[in-house]
Amino acid sequence: MSAESAESGAGAAQAGADCLFCRIVAGEIPATVVHETPNTVAFRDVDPQAPTHVLIVPRRHVPTVVDLVDASPGELAELVRAVGDVARMEGLDRGYRTVFNTGREAHQSVFHAHVHVLGGRSMTWPPG
Ligand code: DGP
């Protein structure tokens, strides 16, 4: 069970019309889409934290990345492959950061699995 499901059990109920990223995947809410595969969509974050800040989401509604690997390891592999494609397309040859925020304490705010791809500036560690 995902962190979010454990907290509220709301993940499945948020699918479809109630889920922001499902609506972006469906084209109901506009987004700047930069890459698509049969099972993933990548679009620019509305509040970028770096010169490149792209979110890659599975088309399937699952609340977290752990739920995605449980549901379909192949779709998780496709998501990670899309990270490499986006990094190449964005020219992030000096490096980039990938972030899966999982659960509220980790600052996950949209409970449809997604990976942040951040690049184009030097990163610091530890993350805040
Ligand atoms: P997280 O906090 O890890 O759940 O990341 C959710 C991200 O989603 C956050 O960085 C902001 C982004 N976001 C929220 N609403 C929208 C939107 O309507 N469009 C786009 N493109 N991004 C959004």
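The values are calculated or read from the model by the stated rules, or taken from the named source; none is laboratory data. Being a predicted model, the structure only gives us computed values, none of them experimental. So basically every Cβ, Gly included, is an ideal-geometry build from the backbone, and we count neighbours across all protein chains shown. These area figures cover heavy atoms from the full protein model, side chains too; ligands, DNA and RNA do not enter into them. Shrake-Rupley method; radii C 1.70, N 1.55, O 1.52, S 1.80 Å.
Numbers for the structure displayed
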read-out: Accessible area of the chain divided out per residue, in Å², using a probe of 1.4 angstrom; value: 55
read-out: Spread of Cα-to-Cα distances over 10 Å intervals beginning at zero, given as percent, for the chain; value: 13, 45, 35, 7, 0
read-out: Nonlocal amide H pairs with Thr102, under 5 Å, H built at 1.01 Å; value: Gln108
read-out: Alpha-carbon centroids, segment 91-122 and segment 41-79: separation in whole Å; value: 9
read-out: Sulfur and carbon atoms: percent of accessible area, the chain [1.4 Å]; value: 53
read-out: Vicinal HN-Hα couplings computed from phi for segment 62-78 (Karplus, 6.51 cos²θ - 1.76 cosθ + 1.60; Hz; Gly/Pro x); value: 9, x, 9, 5, 5, 5, 5, 5, 5, 6, 6, x, x, 6, 5, 4, 5
read-out: 5 angstrom amide H check on Val41, placed H, neighbours 5+ away; value: Val57, Arg59
read-out: Long-range tail of P(r) for segment 74-121 (Cα pairs > 13 Å, %); value: 60
read-out: Residue-by-residue Karplus 3J(HN,Hα) for segment 37-44, coefficients 6.51, -1.76, 1.60, Hz, glycine and proline x; value: 10, x, 10, 9, 9, 10, 8, 6
read-out: Burial order of peptide ranges 26-33, 81-88 (average beta-carbon count within 10 Å, highest first); value: 81-88, 26-33
